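See below for the structure under consideration.
The values are calculated or read from the model by the stated rules, or taken from the named source; none is laboratory data. Bear in mind that the values here come from a model prediction, so they are computed numbers and not experimental data. Virtual Cβ from ideal backbone geometry, glycine too; neighbours counted across all protein chains shown. These area figures cover heavy atoms from the full protein model, side chains too; ligands, DNA and RNA do not enter into them. Shrake-Rupley method; radii C 1.70, N 1.55, O 1.52, S 1.80 Å.
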Amino acid sequence: MEEMLENLTQITGPLGPMVSFEQRLAACDAWVNGLMEKDLQLLNAILMMKPEELERDQLDAEEVFVQVAEGLVVLAEAYPDDVLQILGDQLMNPTLTTILLDAIGNWGSMLAMPLLERAAEKKFDEEIAVSIASAAGMIGGDRAMDLLAKLEARYPDLEMLKQEIEIARENMN
């Protein structure tokens, strides 16, 4: 597990003075291509950890979560079915939900729309609603527009959500 966290932080963290962007991409590709099924299970285990368990020497838990989310985007490109299963299993974990929603949006794949639609059916706070709207806006398409309309109808009084829906719609036009 430590090796998986180290790999995630290395491929998604700051470049550092001795690493070019091309070197980072090559390292990332090599890591993803070398993954095995057990690695995806490890990733799922990492996502179930408590925030304090994820803190590392120079990274707080939130920074690690962000890097895990960025790593999920890379993995989703290589293993969409497996990562969709992991995201679906973990999406309702309150500690991770906004980060996973950000990962889904950054991935930008229509394959993830059912996850967003399922997430939108649950009871959640304004932060989660905004994250769902943001992810839908990054994915785009008719299903995303429908989801935004449902969020807007369900939560007409959430100002931050209204703003995010407006931004999402603008980005899709």
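If you go through region 68-96 and pick out every residue that is among the hydrophobic types (A, V, I, L, M, F, W, C), under 23 Å from Lys150 (Cβ atoms) and open to solvent by 10 Å² or more (accessible area, probe 1.4 Å), you end up with 2. Here Val130 passes the criteria (1) under 17 Å from Ile104 (Cα atoms); (2) at pLDDT below 90 except the one numbered (2). Taking Ile99, is it assigned to a helix (DSSP H, G or I), open to solvent by less than 30 Å² (accessible area, probe 1.4 Å), modelled with pLDDT under 90 and out of contact with any strand residue (DSSP E or B) (no Cβ under 8 Å at 6 or more places or on another chain)? Against the criterion (assigned to a helix (DSSP H, G or I), open to solvent by less than 30 Å² (accessible area, probe 1.4 Å), modelled with pLDDT under 90 and out of contact with any strand residue (DSSP E or B) (no Cβ under 8 Å at 6 or more places or on another chain)), Ile99 qualifies. Where helices (runs of 4 or more DSSP H) fall wholly inside region 105-173, the ranges with 2 or more residues that are of a type in the set (Gly, Ala, Ser), open to solvent by less than 20 Å² (accessible area, probe 1.4 Å) and within 24 Å of Asp81 (Cα to Cα) are 113-121, 126-139.
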